[in-house]
1. If I go through the stretch A:357-404 residue by residue, how many of them are touching a helix residue (DSSP H, G or I) at 6+ places or on another chain (Cβ under 9 Å), within 14 Å of chain B (Cβ to nearest Cβ), farther than 16 Å from residue A:467 by Cα and not in a strand (DSSP E or B)?
2. When you go through A:670, A:678 one by one, which is the residue that is at pLDDT below 95, in a helix (DSSP H, G or I) and surrounded by 17 or more Cβ atoms within 10 Å (Cβ to Cβ)?
3. In the stretch A:567-582, which residues are buried (at least 21 other Cβ atoms within 10 Å of the Cβ) and within 11 Å of chain B (Cβ to nearest Cβ)?
4. Going by the structure shown, is residue B:564 over 27 Å from residue B:392 (Cα atoms), buried (at least 22 other Cβ atoms within 10 Å of the Cβ), in contact (Cβ under 8 Å) with a residue 12 or more places away in the chain and more than 10 Å from chain A (Cβ to nearest Cβ)?
5. Residue A:479 passes all but one of (1) more than 27 Å from residue B:509 (Cβ to Cβ); (2) touching a residue at least 60 places away in the same chain (Cβ under 8 Å); which number fails?
6. Considering each residue of the stretch B:539-561, count those that are touching a residue at least 60 places away in the same chain (Cβ under 8 Å) and either more than 21 Å from residue B:376 (Cα to Cα) or out of contact with any strand residue (DSSP E or B) (no Cβ under 7 Å at 6 or more places or on another chain) (or both), and give that number.
7. State whether one or more residues within the stretch B:159-171 are within 22 Å of residue B:103 (Cα to Cα) and not in a loop (DSSP other than H, G, I, E, B).
8. Looking at the stretch A:606-622 only, could you name the residues that are within 14 Å of chain B (Cβ to nearest Cβ), crowded, with 22+ Cβ neighbours inside 10 Å and either in a loop (DSSP other than H, G, I, E, B) or out of contact with any helix residue (DSSP H, G or I) (no Cβ under 6 Å at 6 or more places or on another chain) (or both)?
């Protein structure tokens, strides 16, 4: 009998997800404190139950072993920070990884977390108390953090099922009435309010520390400067829509909301809206700035030395006022009317706006930017063909060299690949630090090779290569996994199942009301069947000559998810990681399309792969593939050869083309049963024919 | 590059899901009204945009046609209700389908929605204003409501993507400052508060009407009485755990929560906790009652005439106080300390508790009851074998009769099946009104045949049979779809894809952190691929000699979902409905089990089918099945024959056994390509052998 349940387990969420780290998140939802009581599962656990990773249980800190080469000793820096905390009478200080725009990737002078802890991952929070220091990060960075943190650090594997989160930890570490400090510019408004509410439960007070304490000690300890490269125009032939038209659309939404002002603090939103790009942050072509939009004015706050005449001309036909970056804060204090404060903006922004004016909403620019227009779609596809040419030609070259016994390392491969990409038209550098991981390094999900860790590429294990390029017409992000020798059966089995999951998700067809998170299980199912999984999200949105991670698409095991829309671009990237042995990840960028189906009773969405790079036949156990998966793979390889092969020939890259021809050979997949039946039939018939011959 | 997104589109939910009707729900989440502004998508749509189904667009009300046989004319009743509304100065009155225990299935005197509207489905709300009358229901009931409502009714297809919900409709229908009345006993506390808040946005006031207005007019219009059957004991050999032990566990949870009292209002929770059953509500062996539990006392409020000595003895060994049903309300007014009010209890209960005492939580009994103990598991499996014997023997008998041209109808089949079930040991009646739908009636998802609609079962179309039994040792719920003639290609294609989805979900293996809703897509994917879907949930929890729908399991396209636990029982029931032609649904009950996998890196859950009834080979296109699906089907049929066949023989039901042997014949599935290759090989070999012979 079909069901209609009133949902029994309703959650009254008055806070919000505090840390949302993909698959591995253990988000802190909490209920209003009713008479001081919380649900059993939410009551802080006792100190003894905490599975903290202290010195004694940090595997690499048990004494005897040599420090990992990437480890940084931050003892002195933490001591200096504690001096400053003492002056400010703080019992704890929180150092997040983001900058004041809540960027995932930050400029060198904003790498405060790395400075204080040594941890270089793109996501994490350090909390320093007068006696302890803890780093919280998610599954992608567990191995990396273990290597990079000195042994004074506690590593909190946030997001593993029973690990406490930082607030519980603080609640149990500090005495009631202690002051916990943080820089209000570096923490989102929603997060700040939630943290503040929850810490009250433990009797702790969150304190806004206006001058960043890390900056105070770092300024005399070699803190780098921000870059001063000029801002440049992202031409209409790439952007497809003028900044005036985009601003007009934003204003129409503002009218619909009946609001007077929109504040933009996210750098990719500002760059997209104004059709401008910059070099302020590595890999992300953005510039540090704030924007306020009213119905008849647009204020851009930016380092004005970066503005040249061409940008002033770009703005000539509209009412744009350019002011110095730091004037933003004074301006905020003067605003009136109803002001949309994007949920992702900092608490500093939030607290500067008068209470009556605050209207917290997701920025409308997020969804506008995610849905690429016709020109952007053409550009993204074109960028992916160029990117595939660079990657295939490079892989072909390196494969030949390695076969000849020439020395290659993770770093030299990474550098050479960047050089190949740079040769393509409109190339603007890499879209993130290449993850080039051989053998055990490949199991470090966000591994970035360094001089200390650089491994030789040999035929002895698997090589994972996750890289991407920025082009004027698009951004790419692709992962392939290669073996130059004889893969083990486990490598073949896991690679094949990762590929099966990749294909099952890539071929999904579903009604438009299905939210992105709901398709996640399709990618994991083949691994689940043999008891395996991967500790990161299955896919993320990607920008157009912008960030390699872009909202809203986020395919993962947790959370409600958000709708897909035609023209969204995102990654499909299941993987498998055998700790200390090898890593596998297979990543393509997909575009959401509307799909005609046999009966078409309702509008359906599907995906179209935009990344066109072959998979590795040597690592595929064709017996495991079903017919649909095998057919998809052959069809994909045929398309790769047609499209990328053609461009390789156009660019006169013959070796690359020959390599591609080999790699895209059609596979024959058939179940062992079928083969047996065929062989049996053959034998029986031969036997009959023999009998015939005899008599 | 793998991602870690801070979630951008955070929803601050201060309200909760108001109506949550499985797959088709369009839940009303809303944000705090900030300066009187709401998000664009949440602003009420203009009147002209409302796709209401008024007389002119109710397909069966366009004039000319004869009224459907199941239509009820409620003109006079609604007029009488409006008289009462006038006296109470109400502009609108809300009539939900539940009773004061928020039961899905209600006793005859509680069928207020059916009395006032004619609509007999298990889920819906009527709203009557002085000039309009609207019924809101979900996808399972669209066709049924269209037939049953007279043409004065507006049918609101709640849950379809762009349909407004009842609150929006009210907001646009009534003048500001209008009073909207409802019975506070019939609406859940959370729902009442949310509705009340949102209606405030439209300037409307929600009024508690203590005396139910429908009862006022119905009492002189043939309202039936409640039944007075005695309450009986559910013996320990079935329940597996004494009521004392269960209450002890509840008290331990209360101590953990630090609360003083727990109120139970859900009838299945009370029956389960006390190991008692009753006959108050059709199909559900429960009795109308309330319970309050403190750390040293248990109060049972129930019609004391239903309590016999055996029940008093059952309670002799513990401190249980039995009071009259209606004394519950007076008792509530006296309670002190912290009181857990289950989220699903009525607003009347909530409002009787002093503010300082209120602690709204899901009832802890929900999860205790869902996770069946060893004895209950054994009972459930045993009940399903008996149920399969009854169903298979009946299907075998009817198939023979129909082949002989004997007349069968939906109703006679339904009655005969009940008779077959009643012959099984421990049988206690059907677990819900059998859905016996031939041809077009099968497309009415929750169709129940009546004298007016009863169709002949012939070889001309598909027959859908969804039924279940209550047994002392378990509850069953099974759907099979049959064709006694030549199915059309569309029937075969859709049946096969429904079966593929069923198998894909039945064989899912996943880590324990994956919530139930996340597996929904596995069942729908094969239909999605050809543009089809079904308008109801994929699965629901089921009780043990209790409700056929039981929280928390609810597998559907919307909502966050809840965790599985080993020992949970639930249905897997994808379907396909071709409106006005036929319906297909394939439903098995599954048990959640812990699963050993090849590598077992983490604890995995999987499902075990408990329902053991064959599928219909005639309706399966084996070419569409992949090897895994074909193997599963053959393995399942083998188990069905072994287990159910054995019991059929034990019960000396030879015809049933023979039928089962035929129906469980192993299928050979192979892709057309394989067959072609095999045949080609055969031909080639034969040809070679011929050549050999020639020369």
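1. So the count comes out to 6.
2. Numbers: A:670 fails: in a helix (DSSP H, G or I).
From the options A:670, A:678, the qualifying one is A:678.
3. The first filter runs over the stretch A:567-582 and keeps only residues buried (at least 21 other Cβ atoms within 10 Å of the Cβ), leaving A:568-577, A:582.
Within the stretch A:567-582, A:570, A:571, A:573, A:574, A:575, A:576, A:577 qualify.
4. It is true that residue B:564 is over 27 Å from residue B:392 (Cα atoms), buried (at least 22 other Cβ atoms within 10 Å of the Cβ), in contact (Cβ under 8 Å) with a residue 12 or more places away in the chain and more than 10 Å from chain A (Cβ to nearest Cβ).
5. Residue A:479 satisfies all of (1) more than 27 Å from residue B:509 (Cβ to Cβ); (2) touching a residue at least 60 places away in the same chain (Cβ under 8 Å) except (1).
6. Here the count works out to 4.
7. Taking every residue of the stretch B:159-171 in turn, at least one turns out to be within 22 Å of residue B:103 (Cα to Cα) and not in a loop (DSSP other than H, G, I, E, B).
8. Of all residues in the stretch A:606-622, those within 14 Å of chain B (Cβ to nearest Cβ) come to A:606-607, A:611, A:621-622.
After this cut, where a residue has to be crowded, with 22+ Cβ neighbours inside 10 Å as well, the list is A:607, A:611.
Listed by number, the list holds a single entry, A:611.
The values are calculated or read from the model by the stated rules, or taken from the named source; none is laboratory data. Being a predicted model, the structure only gives us computed values, none of them experimental. Please note: Cβ atoms are built from the backbone with ideal geometry, for glycine as well, and neighbour counts cover all protein chains shown.
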